Amino acid sequence: MMRNNISVAIAASIAPIVLAAGMAFGQGAERTLRDGVYSEARATRGKAVYDAQCASCHDGGSMGPSLKGDDFLATWENKTLRALHGRILETMPADAPGTLQPQELLDLMAYLVRANGFAPGPTGFETADDLDTIKIVRAK
């Protein structure tokens, strides 16, 4: 019985240290668009996707809402970049939902971040799962 109590005490004292170490290495850490979350190369490719697949409906909000500016940021503020990714994945382009390739969609996400005034970082997100911890905020 004494040995079980010691094991429980050790586990309880180590758990906070393991949790803090995980946070230090980015596991579960939340970032925002202000943290340089995309690469310039990805955003440049994303602009080509935007021009080909999105601009005809979203520029000027003629058919779809604007994907840039205060109204866009107000709609998506405090949501994750993954939530926006999911919306686009399921509903866009309007005439062929779900047809954007995974890399095209990631490139588009980088372009939208850049188009909303955020600076790139030395490296950026690589997979859709990377978007889970990136919160949409205003540039300030």
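The values are calculated or read from the model by the stated rules, or taken from the named source; none is laboratory data. This is a predicted model, so every value here is computed, not measured. Ideal geometry is used to build each Cβ from the backbone, glycine not excepted, and the neighbour counts take in all protein chains shown.
For region 99-121, the count of residues that are modelled with pLDDT under 95 and not in a helix (DSSP H, G or I) is zero.
How many residues does region 88-131 hold that are in contact with a Lys or Arg (Cβ under 6 Å, 6 or more places away or on another chain), more than 22 Å from Asp59 (Cα to Cα) and hydroxyl-bearing (Ser, Thr, Tyr)? Summing the residues that are in contact with a Lys or Arg (Cβ under 6 Å, 6 or more places away or on another chain), more than 22 Å from Asp59 (Cα to Cα) and hydroxyl-bearing (Ser, Thr, Tyr) in region 88-131 gives 0.
With respect to Arg45, is the statement that it is over 19 Å from Thr32 (Cβ atoms) and in contact (Cβ under 8 Å) with a residue 24 or more places away in the chain true? Taking the combined requirement at face value, the residue satisfies it. Taking region 94-140 as the range and being under 18 Å from Arg31 (Cα atoms), of a type in the set (A, V, I, L, M) and surrounded by 14 or more Cβ atoms within 10 Å (Cβ to Cβ) as the test, the residues that pass are Leu106, Met109, Ala110, Leu112, Val113, Ala119, Ala128, Leu131, Ile134, Ile136, Val137. Of all residues in region 57-74, those being farther than 19 Å from Leu89 by Cβ and modelled with pLDDT of 90 or more number 6. Among the conditions (1) among the aliphatic types (A, V, I, L, M); (2) within 13 Å of the chain's Cα centre (by Cα); (3) closer than 19 Å to Arg138 by Cβ, the only one that Ile88 does not satisfy is (3). Taking the conditions (1) farther than 17 Å from Asp130 by Cα; (2) surrounded by 13 or more Cβ atoms within 10 Å (Cβ to Cβ); (3) hydroxyl-bearing (Ser, Thr, Tyr) in turn, Thr91 satisfies each one other than (2).
Of everything in region 36-75 that's aromatic (Phe, Trp, Tyr) and not in a loop (DSSP other than H, G, I, E, B), which residue is nearest to the chain's Cα centre (by Cα)? So, considering only residues that are aromatic (Phe, Trp, Tyr) and not in a loop (DSSP other than H, G, I, E, B), the one nearest to the chain's Cα centre (by Cα) is Phe72. Scan region 76-85 and tell me whether some residue there is at pLDDT below 95, under 18 Å from Ala110 (Cβ atoms) and assigned to a helix (DSSP H, G or I). Checked region 76-85: no residue is at pLDDT below 95, under 18 Å from Ala110 (Cβ atoms) and assigned to a helix (DSSP H, G or I).
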